[in-house]
Amino acid sequence: MMLDAPLSDAEFALLDDFLMSDDAPENTMDTVMLDGYLAAVVSGPTMVMPSEWLRWVWDTDNGTESPTFATMAQAQQITGLLMRHYQDVNHTLTHAPADYEPRLYEREVDGRTIPIIDEWCMGYHLGMSIDFRAWAPLLLAEPAMLQTVLLYGSDEGWEVLKKQPIDLDAHQAHADRLEPMACQVHAYWLAQRQAAQRKGEAPRVLAKPRPVRSTPKVGRNEICPCGSGKKYKHCHANQ
């Protein structure tokens, strides 16, 4: 099978089951957060090696904890699925951006199917945070481009949403921006990397990642802060 072949629904389910199992650390991503995270990792100004981006998949707080695999075959299977999704996101954004579509949760609200974008934005924001300083030129040049990610994916954004709730139409508008935003950001940094390559400059490789956590620090087995009384993984993280 090609390394950039999209994961099937069954493979996503298998991967999600492992990521949410007790064999994975408490702060492991689910596949929606992973999707947003990888979109940022493959798009950014700095090349991030698998050994670096994988450790934040397992531990979104510190990048230090690791999963427990029952067998070598399971380790190869799960790691293979992660690498394939990485390659698929990278290939799609680079060669077929018109086909790119964020992976999102949905829920029914007042008879409408509403995309839930928090987890995806949290992942994207963490992907930026790995080398936030290198992302600064884009944030300064196009401050509105990443508005939705900053609003739904950071502690500061969540505080704004708590104080100034938005209606369903405004929320849908933010959700609709994610797809073109991901493509525009990727195109922006791809042009920068290509220009550097034409000058004979070597690709920038992330050396010492220091993510600045600015996403809601809620363990998936903790009580959801929304007040529902449910565990986070069964409530806000899955709605």
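The simple spin-label model puts a point 7 Å past each Cα toward its Cβ; for Ala70 and Ala187 those points are separated by 4.6 nm.
If I model a spin label at Ala10 and Arg204 as a point 7 Å from the Cα along the Cα→Cβ vector, what separation in nanometres do I get? Output for this residue pair reads 4.3 nm. Phi-derived couplings, Karplus 6.51 cos²θ - 1.76 cosθ + 1.60 at θ = phi - 60°, listed residue by residue for segment 105-117: 6, 9, 8, 8, 9, 6, x, 10, 8, 10, x, 9, 10 Hz, with x used for Gly and Pro. Quick check: residue separation of Lys162 and Asp110 times 0.36 nm, minus the Cα distance between them. What number comes out in nm? That pair, Lys162 and Asp110, stretches by 16.7 nm at full extension. Sorting the segments 87-100, 52-65, 27-40 by their residues' average number of neighbouring beta-carbon atoms within 10 angstrom, most packed first, yields 27-40, 52-65, 87-100. Note: relative contact order over segment 87-183, using C-alpha pairs below 8 Å and six or more positions apart, is 29 percent.
Where a number appears in this text, it was derived from the coordinates with a stated rule and is not lab data. Everything numeric in this text was worked out from a predicted model, so none of it was measured. Note: ideal-geometry Cβ built from the backbone for every residue, glycine included; neighbour counts use all protein chains shown.
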